[in-house]
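Step one of this worksheet: look at the structure below.
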Amino acid sequence: MLRSSRIFPVIFLCSLSSLAYEISLTRIFSVSLWYHFAFMIISIAMLGIGLSGTILSLYPRLRDLSNIGTYSFFLGTGIFLSYLITNQIPFDPVKLSWSRIQILYIGIYYIVISLPFFFTGLVIATFFSQMSERAGLFYAADLLGAGTGSLGILYLMYFVPTEKAIFIVSSMALLATFLAGGRKLKTAAIALIAMNIALAIIHPSFVNLKMSPYKGLNFALNFPGAEHLETYHSPYTRIDTFKSPAVRFAPGLSLIYLDNLPEQVGFSIDGGQINAITSYGNERTLKFLEYLPSALPYEILSSQEAYHGDILVLDPRGGLQVLVAGFYDFPNIYKIESNPLLMKVINEDFNKFSGGIYARNAIAGIGRAWLKNSGKEFDIIDIPLTGASPSGTFGISEDYRFTVEAFKEYIGHLKKNGILSINLFILPPPRIELRILSTAVEAMEKLGFKDVERHIVGLRSWGTIGILIKKSPFTNKEVNTVKEFSSKLWFDIVHYPGMTVEETDKYVKMPSADYFSAFKQILDPYTRDKFLDSYIFDVKYVRDENPFFSYYLKIANIKEIYKIMGEKWQYFIEEGYILPVVFIQVLILSLILIFLPFFSVKKPNVIARNTPQTETKRSRFQYKSRQHGDRRFLPYFAFLGTGFMFIEVSIVHKMILPLENPSYALATVLTSLLLSSGIGSLLSHRFHSLQNYLIPLLISVLIALYSIFLTAISDFVSPHSIILKILLVFAVLMPLGLFMGIPFPTGLKMLGQRSPFLIPWAWAINGCLSVLTPILTIMMALIFGFKIVFWLGAFSYLAAFLFMKNFAKKLSSN
């Protein structure tokens with residue numbers, strides 16, 4: 001029999017290892033496949049937890065506490081086995097366009113990955129079923145373990161690669177077997193821990209993370225003479241350096257430049273996003289820099305008689321634009337890079353090779369956040385969006401760099417004659433550049449600019465397009481510099497103040513002047529709205545409230561877009577339409593798991609073990625009548641699941657901007673909410689006055705207040721150091737988290753007083769609704785913005801309050 005004192009650590013260890021494994025899988029999916037498949041992990045994990053409740057509802061004998069040791073053993077075993085199995089499954093999203101078997105592989109992924117979380121659910125739900133009066137203590141152990149796991153795995157991945165961390169996480173789960181299992185299980189657990197240690201140290205080839213052959217790194221390494229140099233890890237990213245003929249990094253280089261480029265070392269971020277570090281040499285080897293279209297703003301300013309030369313390059317990656325600024329002798333060059341590991345790699349291993357691009361005036365973070373608190377103004381703010389090869393961005397990835405609020409920040413930090421320069425690859429059909437333009441125009445008009453057409457210049461090469469935004473109107477002299485630059489290097493002008501259609505498409509011929517026409521209509525306030533409404537893609541400006549810059553699809557135009565994109569569904573997957581597909585899949589699975597217990601036949605003699613003795617003396621009719629009555633309380637757990645996840649996911653997204661890194665935001669918010677909710681659950685176990693039906697109502701009010709003041713909170717947090725930011729976010733979220741940890745165990749305790757056999761079903765409902773909500777959150781934010789999602793969370797807790805109030809009246813009447 002499991003000792004009472006061991007229950008808390010068993011739940012703690014199982015929950016810790018499960019969440020650590022969940023976060024590890026998001027990193028594994030980001031590298032092996034693509035980032036946009038990592039979000040599936042949350043749904044898969046919650047689906048496994050929901051399944052455990054359904055199984056325990058259907059098979060009451062599995063609720064025996066003597067099974068806990070077995071469940072924890074299978075959890076530890078399942079963690080490393082599920083990784084090894086999925087690592088061998090030949091699933092590749094690129095093949096979805098022509099290989100139907102890939103859909104089967106997705107199903108196998110769901111099954112294999114969900115198994116460890118299924119056993120975690122069995123452990124926790126069994127304790128809830130048998131000892132519902134201690135639900136507050138058990139739920140606290142669950143949340144505190146999860147919070148510790150989310151923080152601990154990130155710390156661990158600073159020292160070991162993710163695939164090695166998996167085996168350490170597996171061993172942590174197996175430690176729970178020592179507390180809950182018998183002699184045989186303990187012996188088996190020792191053997192598996194020894195095997196985990198051996199696999200982590202020896203690291204045979206079948207353990208190595210397998211990466212899609214279609215990712216940029218593998219593509220580059222397939223060239224003759226290619227050489228992989230080094231792999232660098234952090235909890236948030238993986239960087240690989242290499243040499244390859246595929247790396248010839250000079251985006252849009254003029255066709256008249258015929259000399260060789262200097263030596264370049266390629267690097268990839270998470271196996272994709274190929275970029276390069278260019279060897280710093282003399283003026284002759286760097287001559288190619290003035291043949292780049294991105295050199296135009298430097299040509300404009302350097303042609304003036306006097307300039308101060310303060311330059312800011314946002315996300316310079318390999319530092320090509322830093323070299324451009326240096327080539328034109330601008331003395332003060334600031335760099336803000338959002339990937340701190342990349343800065344470290346270049347500083348430590350390629351400092352001399354790169355010319356010390358990150359040696360001074362280099363800051364890690366999001367550019368607009370730094371600008372907001374810097375007070376500095378610049379002659380040029382340079383935003384290069386070009387890598388060593390063109391690549392798109394997943395449509396449901398938030399990007400706070402290109403919202404209206406971001407452009408207001410950029411333009412506001414330009415000097416009187418300063419220029420904002422943005423360069424990107426041409427990825428037809430036009431959409432990225434048009435959204436950048438429409439967002440910039442909206443920001444300029446909000447800042448009070450009149451006749452924005454006079455502040456914009458567009459330039460197109462054979463493969464890139466650049467947009468220059470000047471704080472003051474472009475002068476005739478500057479326009480002449482643009483004309484001379486484009487004519488000399490065979491670039492085409494897309495727009496300058498007063499330009500006519502005859503002046504475009506001189507060097508890179510196109511069937512029609514689409515770019516000229518699109519720019520002209522967006523810049524003209526009388527034609528802008530009509531153009532944006534009628535254009536095949538959604539290229540209207542975006543705000544911080546719904547910062548999904550790369551989501552361009554219009555549902556009404558799907559058929560037409562399908563034809564334009566070569567009748568390939570792969571494009572829709574990349575744009576984000578995998579989201580509703582996955583939502584429909586998990587919705588069907590969740591509904592099956594939720595309603596299966598409803599159709600099950602329960603025998604009174606089986607259930608009687610878990611009910612008060614007086615209950616067994618009542619008539620079967622009375623018993624069934626109350627059973628059906630108590631089922632009406634189950635939606636309470638559904639609303640708690642949706643409410644918690646609505647708020648958790650929304651706060652993660654809203655904290656990306658002040659914390660300046662998506663991974664920091666995820667780790668900070670998860671840890672803050674889980675730990676504070678765990679503390680709240682402990683307090684409710686200790687102080688019975690907190691087990692009150694008014695708590696969900698209080699949470700609903702708090703959420704409404706957070707939705708109003710979260711932007712102000714974000715602004716308050718932004719100026720501080722990263723450590724202080726994390727502490728401030730924890731302090732800000734603590735009150736909400738404390739109360740959010742109370743309603744679930746309180747509801748289980750109340751349910752256990754009348755119908756403890758319904759507890760696994762309540763657990764299943766809560767888990768399955770938690771599967772759907774993260775996906776639904778993003779879908780709702782895309783359409784309505786995050787503030788509406790906050791209000792949906794508030795409504796969920798309000799509905800939970802109404803259900804709990806009615807059930808509490810039933811209890812008091814008895």
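What to note about this one:
- Neighbour cut-off at most 15 other Cβ (10 Å), DSSP loop, chymotrypsin sites (Phe, Trp or Tyr not before Pro), region 441-480: 462
- For the chain, accessible area per residue (1.4 Å probe, heavy atoms of protein chains only), Å²: 40
- Mean separation of Cα contacts under 8 Å, 6 or more apart, over the residue count of the chain: relative contact order %: 16
- Charge dipole (the chain, unit charges on Cβ, about Cα centre) - positive-most of 251, 775, 338: 775
- Packing, taken as the mean count of other beta carbons within 10 Å per residue, orders the peptides 711-721, 450-460, 799-809, 42-52 from highest to lowest as 42-52, 450-460, 799-809, 711-721.
- The calculated P(r) of region 736-814, using every Cα pair and 10 Å bins from 0, goes 15, 41, 31, 11, 2 in percent.
- Cα-based shape type of region 382-503, given that a ≥ b ≥ c are square roots of the gyration tensor eigenvalues and the cut on a/c is 1.5: oblate
- Global geometry of region 219-356, whether rounded, prolate or oblate, following the gyration tensor of its Cα atoms and the 1.5 cut on a/c: oblate
- Comparing 696, 760, 740 along the charge dipole axis of region 645-798, the residue lying farthest to the positive side is 760, per the Cβ-charge model.
- Per-residue HN-Hα couplings for region 367-384 [Karplus 6.51, -1.76, 1.60; θ = phi - 60°; Hz; x = Gly/Pro]: x, 5, 5, 5, 4, 4, 10, 8, x, 8, 10, 10, 6, 9, 10, 10, 10, x
- Neighbour net charge for residue 770 - beta-carbon separation under 14 angstrom, K R +1, D E -1: -3
- Isotropically averaged projected area of the chain, using the convex hull of Cα atoms (one quarter of hull area), nm²: 35.4
- DSSP beta bridges in the chain [antiparallel fraction, %, rounded to 5]: 60
- Rg/Rg_ref, region 633-713, where Rg_ref = 2.2 N^0.38 Å and atoms are Cα: 1.22
- Taken as Cα centroids, region 157-233 and region 1-22 sit 22 Å apart, rounded to the nearest whole angstrom.
- Backbone amide hydrogens, once placed in the peptide plane, bring residue 365 within less than 5 Å of 337, 338, 339, excluding anything fewer than 5 places away on its chain.
- Separation in nanometres of the label points that stand 7 Å from Cα toward Cβ, at residue 708 and residue 351: 5.2
- DSSP finds beta bridges in region 377-534, and of those with both partners inside it, around 70 percent are antiparallel.
- For residue 494, distant residues with modelled amide H under 5 Å away: 458, 459, 460
- Packing-based ranking, highest mean first, of 375-382, 667-674, 591-598 given that Cβ atoms within 10 Å are counted: 667-674, 375-382, 591-598
- Angstrom value of the Kirkwood radius, inverse mean 1/r, which spans all Cα pairs in region 696-769: 14.8
- Using only side-chain charges placed at the Cβ, +1 for Lys and Arg and -1 for Asp and Glu, the dipole size of the chain relative to its Cα centre rounds to 4040 debye.
- Protection proxy ranking of 352-363, 415-426, by the mean of other Cβ atoms within 10 Å over each peptide's residues and highest first, is 415-426, 352-363.
- Placed amide H near residue 418: partners under 5 Å, 5+ positions off or other chain: 471, 472
- Couplings 3J(HN,Hα) of region 317-329, computed from phi: 6, x, x, 4, 6, 5, 5, 4, 4, x, 4, 8, 6 Hz, in residue order, whole Hz [Karplus 6.51 cos²θ - 1.76 cosθ + 1.60, θ = phi - 60°; x for Gly and Pro].
- Environment charge of residue 267, counting only residues whose C-beta is closer than 15 Å and scoring Lys/Arg +1, Asp/Glu -1: -3
- Listed values for region 498-509 are Karplus-derived 3J(HN,Hα) couplings in whole Hz (6.51 cos²θ - 1.76 cosθ + 1.60, θ = phi - 60°), namely x, 5, 10, 5, 5, 8, 9, 6, 8, 10, 10, 5, and x replaces Gly and Pro.
- Think of region 292-377 as a dipole: +1 on every Lys or Arg Cβ, -1 on every Asp or Glu Cβ, centred on the Cα centre; then among 369, 314, 298, 369 lies furthest on the positive end.
- Calculated mean residue ellipticity, 222 nm, the chain: -18000 deg cm²/dmol, from DSSP H runs (n ≥ 4) at -39500 (n - 2.57) each, averaged per residue and rounded to 500.
- Degrees separating the helix 340-349 axis from the principal Cα axis of the chain, which is the longest one: 60
- Accessible area of residue 269 (1.4 Å probe, protein heavy atoms only, ligands and nucleic acids ignored): about 10 Å².
- Computed extension gain for residue 802 through residue 184, at 0.36 nm per residue and net of the alpha carbon distance, reaches 217.6 nm.
The values are calculated or read from the model by the stated rules, or taken from the named source; none is laboratory data. All figures in this text were calculated on a predicted structure; none of them were measured in a lab. Note that each Cβ is placed from the backbone with ideal geometry, even for glycine, and that neighbours are counted across all protein chains shown. Heads up: the accessible areas ignore ligands, DNA and RNA and are worked out on the full protein's heavy atoms, side chains in. Shrake-Rupley method; radii C 1.70, N 1.55, O 1.52, S 1.80 Å.
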